[in-house]
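Participant: The structure is given below, and queries will be raised subsequently.
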Amino acid sequence: RSTVRDRLGRLQARRAAKVLEQKASQEKDNLRKQFNELPAAEAEAIQKVFDRFDLDDSGGLDHDEVVEALKELGLSGGNLAEKREIYRICRHFGKHRGEDGEGDDVVGEVCVDIFQFSLRVVPQVRNFLVMMQGNDLARYFDQYDAQGTGRLSAEQCLEIGRALKLDVKILRDVLDTRSRSSKKDKGVKRIGIDEFHRVVVKCKEQVERAVRQCERKIKEDTKTSDLVFNEFRQDIVGLHDLFSSLDEDNSGSLDSKEITQIMNEFGLMPRTAKERDEVQQILIEADVDGNGELSFEEFLFLVKRIRNHHKDLATERAKISFRKYDKDGSGELSVQEICHLLE
């Protein structure tokens, strides 16, 4: 009897496993169909970003990779509260991988595949940002909806965009795309408040995405290493614009004359022998290959050295000022000494 029961139990387990496998396969087919129904440009952008962060070709992204991929798509929070909620959303989605790498229910490493990322994570983060920015947008919407119809024209939406300091060109493109894709409007281009919220978030998303793409292009064109790129990414566009403006012969590097211009731009033209030695040391350290010219990556290293130099000078000035008012040399300022400092 025990043997029969065991066999029946194994048979039932195999049947249950097969049902689960068929269900999972069917669900994946449905998700694949939904992904293929996304607008071609959107699907291509998401796939490209997903592949970029799936470094081990596992077909899944962990929590940190999902967050970075969202940033690359222009879906990042504008304040700490929004960023925290986006982090929470990222942790909620995806299966968890155990030590054997297979999905299970234990708390472990989050693994989000392309379908979950594009059809679950991205839409939920996008909807969350729409909700968070609703109050400010509603105030502007009501201001322009003087007749209380609950709908605005595309031109009124553009006016609000200007007031919000949005990129009007991108906002116009988003509105035009919305108009073309709406089969129900039949030429009517008036927009309700909920849709207006989505349009604004989409506009901000497109702007951020364009900036990220520009940053990536600079990295590829200048062959900047990942380490340096990540360190300077926040202001790499502005620094590249400065580099390009100084690179008069478009050689992709700065010669001695152009480097002198940099020193002038940063207010580092030496006035004393000591300053001349300091500047010379900065340039020697920046010119890693020693060819007398600065590539873009070496230019970034120079910027870092200049920033540290300014920081050191500011610290030194602060110490001198502190010692000046620390009359008793105690290493601390009394209330009376602080009062003298503030006079």
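Participant: Just order 63-70, 317-324, 279-286 by mean Cβ neighbour count inside 10 Å, highest at the front, would you? Could the numbers behind the result be given before it?
Facilitator: Details: 63-70: 20.2, 317-324: 10.8, 279-286: 15.2.
Result, highest mean Cβ count within 10 Å first: 63-70, 279-286, 317-324.
Participant: How far apart, in nm, are two points set 7 Å out from the Cα along the Cα-to-Cβ line at PHE115 and at LYS223?
Facilitator: So the label points at PHE115 and LYS223 sit 4.2 nm apart.
Participant: Moving on. Rounded to a whole number of µm²/s, how large is the Stokes-Einstein D of the chain at 25 °C and 0.890 mPa s, given Rh as the Kirkwood radius over C-alpha pairs?
Facilitator: Numbers: Rh = 25.7 Å.
Reported coefficient: 95 µm²/s.
Participant: Now for a separate question. Excluding ligands, DNA and RNA, what is the solvent-accessible area per residue of the chain at a probe of 1.4 Å, expressed in Å²?
Facilitator: On the way: 22040 Å² over 343 residues.
Per-residue accessible area for the chain comes out at 64 Å².
Participant: Along the charge dipole of segment 165-301, Cβ charges K/R +1 and D/E -1, which of LEU227, LEU166, SER256 sits furthest on the positive end?
Facilitator: Toward the positive end, the furthest listed residue is LEU166.
Participant: If you don't mind, there's one more thing I want to ask. Computed FRET efficiency, Cβ-Cβ of VAL237 and LYS274, R0 35 Å: what is it to the nearest 0.05?
Facilitator: On the way: r = 35 Å, r/R0 = 1.00.
That gives a FRET efficiency of 0.50.
Participant: Another question, if that's okay. Going highest first, how would you order 296-306, 137-147, 33-43 by mean Cβ packing within 10 Å?
Facilitator: 296-306, 137-147, 33-43
Participant: Let me ask something else. Once you have the Cα-Cα distance between LYS18 and LYS311, take 0.36 nm times their residue separation minus that, and quote the gain in nm to one decimal.
Facilitator: 99.0 nm
Participant: For segment 187-343, take the convex hull of the Cα atoms, compute a quarter of its surface area, and give me that in nm², please.
Facilitator: Computed as one quarter of the Cα hull surface, the answer is 18.0 nm².
Participant: Can you pull the one-decimal nm distance between simple spin-label points at PHE322 and GLU159, each 7 Å off the Cα toward Cβ?
Facilitator: For the pair PHE322/GLU159, the computed spacing is 5.6 nm.
Participant: Ignoring ligands, DNA and RNA, please state the percent of accessible area on the chain from carbon and sulfur, probe 1.4 Å.
Facilitator: On the way: 11020 of 22040 Å².
On the chain, the fraction of accessible area on carbon and sulfur atoms equals 50 percent.
The values are calculated or read from the model by the stated rules, or taken from the named source; none is laboratory data. These numbers were taken from a predicted model, which means no experiment stands behind them. Glycine also receives a Cβ, built like all others from the backbone with ideal geometry; neighbour counts cover every protein chain displayed. Note: accessible area is taken over every heavy atom of the protein model, side chains too, but ligands, DNA and RNA are not part of it. Shrake-Rupley method; radii C 1.70, N 1.55, O 1.52, S 1.80 Å.
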